[in-house]
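Each remark here refers to the structure printed beneath this line.
The values are calculated or read from the model by the stated rules, or taken from the named source; none is laboratory data. A quick note: this is a predicted structure, and the numbers were derived from the prediction, not measured. Using ideal geometry, Cβ is built from the backbone for each residue, glycine included, and neighbour counts are taken over all protein chains shown. In case anyone asks, the SASA skips ligands and DNA or RNA and just uses the protein heavy atoms, side chains included. Shrake-Rupley method; radii C 1.70, N 1.55, O 1.52, S 1.80 Å.
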Amino acid sequence: MLAVLQFILAFGIVLFFLLITYYFVRKGVFSQKGSNVSVLERRYLDRKSFIAIVRIVDEYYVILVSDSSATIIKKLEDYKEGDSFSTILFRKIGRKSK
């Protein structure tokens, strides 16, 4: 009889903590409110790799992302929000965009 009461008490305590954890997770207490990193545009090179323009806080980078790594190619000094990838590319190589 004592073993059954101990089991019920232990089970109740575990269930209580699970319910409390579920409540806080659903409420979003443990989630980030804002993100300082966002991918603005990406161009796929093949199935598993792409080049992306990424904003990290207030700085912009061109990164190469492959299946096993991510590499910063260049920090963009003159990026304007809304520029397309082709506009930046043509500006860098000295051609006018279409």
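Mind pulling the angle between the C-alpha long axis of helix 2-27 and the longest principal axis of the chain? Nearest 10 degrees, somewhere in 0 to 90.
Between helix and principal axis, roughly 30 degrees.
Cα-based count: Lys pairs in the chain below 25 Å, eight or more positions apart or different chains?
Final tally of qualifying lysine pairs is 11.
Ignoring ligands, DNA and RNA, what percent of the accessible area of the chain is carbon or sulfur (1.4 Å)?
On the way: 5190 of 8280 Å².
Looking at the chain in its full context, I get 63 percent from C and S.
Using only helices, what value at 222 nm comes out for the chain when you add -39,500 (n - 2.57) per DSSP H run of length 4 or more and divide by the total residues, to the nearest 500 deg cm²/dmol? Could you put the intermediate results ahead of the total?
Details: 2 runs with 35 residues, N = 98.
Result for the chain: -12000 deg cm²/dmol, rounded to the nearest 500.
Could you tell me which of S35, S66, L45 has its Cα farthest along the dipole of the chain towards the positive end, charges placed at Cβ (Lys, Arg +1; Asp, Glu -1), taken about the Cα centre?
L45
In nm, what is the difference between 0.36 nm times the number of residues separating Y22 and L5 and their Cα-Cα distance? Walk me through the numbers on the way to the answer.
Numbers: separation 17, 0.36 × 17 = 6.12 nm, distance 2.55 nm.
That works out to 3.6 nm of additional length.
Please give the net charge around I53, taking every other residue with its beta carbon less than 12 angstrom from that of I53, where Lys and Arg add +1 and Asp and Glu add -1. Spell out each step's value before the answer.
Working: positive: R42, R43, R55, K74, K75, K80; negative: E41, E59, E81, D83.
Cβ neighbours under 12 Å give a net charge of +2.
Among F16, F50, F85, which one moves the most in a GNM of the chain with springs linking Cα atoms closer than 10 Å?
Ranking F16, F50, F85 by mean-square fluctuation puts F16 first.
So, with +1 on the Cβ of K and R and -1 on the Cβ of D and E, and no other charges, what is the size of the charge dipole of the chain about its Cα centre, to the nearest 20 debye?
Values: 16 positive and 9 negative charges, 93 e Å.
In total the dipole reaches around 440 debye.
Multiply the residue separation of D46 and F90 by 0.36 nm, subtract the distance between their alpha-carbon atoms, and state the gained length in nm to one decimal.
Values: separation 44, 0.36 × 44 = 15.84 nm, distance 2.14 nm.
Residue separation times 0.36 nm, minus the Cα-Cα distance, leaves 13.7 nm.
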